[in-house]
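Enquirer: Please read through the structure below; I'll follow up with questions.
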Number of protein chains: 2
Amino acid sequence: MKQKYNLIANELRRQNIRLSHLRKKVLEYLCQNPNHPTVDEIYVKIHKEVPNLSRTTIYNTLHILIKAGLLRLINIEDNETRYDIATQNHGHFKCEECGAIFDFNIDIDSFPIKELTGFKITDKNVYFKGVCPGCLLNIKNDN
Amino acid sequence: MKQKYNLIANELRRQNIRLSHLRKKVLEYLCQNPNHPTVDEIYVKIHKEVPNLSRTTIYNTLHILIKAGLLRLINIEDNETRYDIATQNHGHFKCEECGAIFDFNIDIDSFPIKELTGFKITDKNVYFKGVCPGCLLNIKNDN
DNA sequence: TTTAAAAATTGTAATGATTACAATTTATTA
DNA sequence: TAATAAATTGTAATCATTACAATTTTTAAA
Ligand SMILES: [Mn+2]
Ligand SMILES: [Mn+2]
Ligand SMILES: [Zn+2]
Ligand SMILES: [Zn+2]
């Protein structure tokens with residue numbers, strides 16, 4: 001999505017964070033693949049065009065984007081960190097059959113929680129797990 | 001909490017899962033420390049009483065309890081897995097200053113999500129991050 | 001343009017939590 | 001008691017992430 005890319009590029013400029021060639025590649029990938037990729041998925045793809053790419057550069061870029069508030073780190077499975085260029089408030093559903101992660105809208109702010117009065121909340125996360133409709137259908141047909 | 005322990009012990013018996021000496025220790029620890037401990041915190045404590053304890057045993061026991069549906073794995077930070085003996089639906093708040101994890105009540109089921117119609121949902125998680133009141137006070141006083 | 005300083009990138013090694021697995025010990029059953 | 005099954009140990013392997021020094025590239029100054 002070119003629009004998203006431009007918005008983020010502007011914000012980086014505003015924050016005096018340089019958008020180098022490689023960082024552009026990473027940002028382009030993230031905007032074009034909002035399906036919550038892993039570091040390795042990003043690396044493997046960009047590595048095809050830039051053979052002497054280092055994984056460290058991917059990590060660096062992702063950390064920079066996160067620090068700038070332009071990327072969200074998603075922690076559903078304990079062994080695979082994923083990244084989400086969509087920073088607006090939304091929830092995630094992970095299918096435990098096919099591994100896909102689906103976005104869904106949830107207005108978590110509409111649930112004021114009494115117990116957290118006096119807490120400073122900076123980040124809200126919601127994620128569900130289960131089986132997606134496609135996989136449910138496959139499972140049924142396999143019987 | 002002795003009551004919780006007994007409930008879980010009964011359920012394990014019902015599922016034909018043996019409650020060995022070491023598993024008892026782990027379960028006792030979890031019931032007495034519902035503050036979402038890490039594997040290492042559990043290991044270090046029990047190791048004092050059982051010097052030739054193996055970390056593998058802790059991992060085994062935790063995996064067994066999770067599989068039996070009696071323990072929840074909590075994934076807030078990507079480098080520290082935590083465990084929660086409270087399996088009823090509730091949310092977590094992690095203070096990024098002191099690291100403490102607070103429970104809070106949230107009836108996530110009262111938010112039907114249209115986009116997930118046709119999905120089989122087996123697990124719902126909510127966690128927030130920020131700063132707890134105690135740490136907010138300390139920060140203010142440090143100025 | 002030339003030069004010096006700063007920033008970005010690379011590549012290798014270290015870290016650390018989790019898992020794999022064979023050997024050993026302990027508990028259960030016949 | 002002996003045979004079998006289950007639990008536990010301890011070491012090695014795995015694998016994602018981080019640390020960090022060396023190198024390359026970019027930027028800014030002279
Ligand atoms: Mn998302
Ligand atoms: Mn909890
Ligand atoms: Zn699926
Ligand atoms: Zn705190």
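For (1) at pLDDT 95 or above; (2) at negative phi; (3) within 14 Å of chain B (Cβ to nearest Cβ), each residue gets a yes or a no:
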{"position": "A:ILE46", "(1), (2), (3)": "yes, yes, no"}
{"position": "A:ALA68", "(1), (2), (3)": "yes, yes, no"}
{"position": "A:ASP78", "(1), (2), (3)": "no, yes, yes"}
{"position": "A:TYR83", "(1), (2), (3)": "yes, yes, yes"}
{"position": "A:PHE93", "(1), (2), (3)": "yes, yes, yes"}
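Enquirer: Turning to a different aspect of this structure: Could you run through the stretch A:49-98 and say how many residues are β-branched (Val, Ile, Thr) and more than 9 Å from DNA strand C (Cβ to nearest atom)? Explain how you work it out, then say what you get.
Expert: First pass over the stretch A:49-98, keeping only residues β-branched (Val, Ile, Thr): A:50, A:56-58, A:61, A:64, A:66, A:74, A:76, A:81, A:85, A:87.
Now drop any that are not more than 9 Å from DNA strand C (Cβ to nearest atom), which leaves A:66, A:74, A:76, A:81, A:85, A:87.
Residues meeting the conditions: 6.
Enquirer: Another question, then. In the stretch B:116-136, is there at least one residue being within 16 Å of DNA strand D (Cβ to nearest atom), surrounded by fewer than 18 Cβ atoms within 10 Å (Cβ to Cβ), over 30 Å from B:LYS2 (Cβ atoms) and more than 8 Å from every other protein chain (Cβ to nearest Cβ)?
Expert: No, there is no match, as no residue in the stretch B:116-136 is within 16 Å of DNA strand D (Cβ to nearest atom), surrounded by fewer than 18 Cβ atoms within 10 Å (Cβ to Cβ), over 30 Å from B:LYS2 (Cβ atoms) and more than 8 Å from every other protein chain (Cβ to nearest Cβ).
Enquirer: Does at least one position in the stretch A:125-142 carry a residue that is among the small types (Gly, Ala, Ser) and away from ligand 3 (no atom under 16 Å from the Cβ)? Break it down into steps so the answer makes sense when it comes.
Expert: From the stretch A:125-142, those among the small types (Gly, Ala, Ser) are A:130, A:134; that's our starting set.
Then drop every residue that is not away from ligand 3 (no atom under 16 Å from the Cβ), which leaves none.
No, the stretch A:125-142 contains no residue that is among the small types (Gly, Ala, Ser) and away from ligand 3 (no atom under 16 Å from the Cβ).
Enquirer: Does the stretch B:35-47 contain any residue that is within 16 Å of B:ALA86 (Cβ to Cβ), more than 13 Å from DNA strand C (Cβ to nearest atom) and surrounded by 14 or more Cβ atoms within 10 Å (Cβ to Cβ)?
Expert: The answer is no; no qualifying residue exists.
Enquirer: Name every residue in the stretch B:99-115 that is in contact with a Cys (Cβ under 8 Å, 6 or more places away or on another chain) and either without any contact (Cβ under 8 Å) to a residue 40 or more places away in the chain or within 7 Å of another protein chain (Cβ to nearest Cβ) (or both), in order of residue number.
Expert: B:PHE102
Enquirer: For B:VAL50, indicate whether it is more than 29 Å from A:ASN105 (Cα to Cα) and touching a residue at least 40 places away in the same chain (Cβ under 8 Å). Don't jump to the end; show me each part of the working.
Expert: Values: more than 29 Å from A:ASN105 (Cα to Cα): yes; touching a residue at least 40 places away in the same chain (Cβ under 8 Å): no.
No; evaluated as a whole, the condition is false for this residue.
Enquirer: So which residues in the stretch A:67-90 are of a type in the set (Lys, Arg) and touching a helix residue (DSSP H, G or I) at 6+ places or on another chain (Cβ under 6 Å)? Break it down stepwise before answering.
Expert: The initial filter retains those residues of the stretch A:67-90 that are of a type in the set (Lys, Arg), namely A:67, A:72, A:82.
Correct list: empty.
Enquirer: Applying the selection to the stretch B:99-143, what residues are within 13 Å of ligand 4 (Cβ to nearest atom) and assigned to a loop (DSSP other than H, G, I, E, B)?
Expert: Those that are within 13 Å of ligand 4 (Cβ to nearest atom) and assigned to a loop (DSSP other than H, G, I, E, B): B:GLY99, B:ALA100, B:CYS132.
Enquirer: Does A:ILE64 satisfy the criteria of being more than 7 Å from chain B (Cβ to nearest Cβ) and either surrounded by 15 or more Cβ atoms within 10 Å (Cβ to Cβ) or in contact with a Pro (Cβ under 8 Å, 6 or more places away or on another chain) (or both)? Explain how you work it out, then say what you get.
Expert: On the way: more than 7 Å from chain B (Cβ to nearest Cβ): yes; either surrounded by 15 or more Cβ atoms within 10 Å (Cβ to Cβ) or in contact with a Pro (Cβ under 8 Å, 6 or more places away or on another chain) (or both): yes.
Yes.
Enquirer: Output the number of the condition that A:LYS25 fails; it satisfies all remaining conditions of (1) of a type outside the set (Ser, Thr, Tyr); (2) within 16 Å of ligand 3 (Cβ to nearest atom); (3) farther than 20 Å from B:ILE108 by Cβ.
Expert: Going through (1) of a type outside the set (Ser, Thr, Tyr); (2) within 16 Å of ligand 3 (Cβ to nearest atom); (3) farther than 20 Å from B:ILE108 by Cβ one by one, A:LYS25 breaks only (2).
Enquirer: For the stretch A:28-44, which positions are assigned to a helix (DSSP H, G or I) and out of contact with any helix residue (DSSP H, G or I) (no Cβ under 6 Å at 6 or more places or on another chain)?
Expert: Narrowing the stretch A:28-44 to residues assigned to a helix (DSSP H, G or I): A:28-32, A:39-44.
Correct list: A:GLU28, A:LEU30, A:GLN32, A:ASP40, A:GLU41, A:VAL44.
The values are calculated or read from the model by the stated rules, or taken from the named source; none is laboratory data. Note that this is a predicted model, so its numbers are computed, not measured. Cβ: placed from backbone, ideal geometry, glycine included. Neighbour counts: every protein chain shown.
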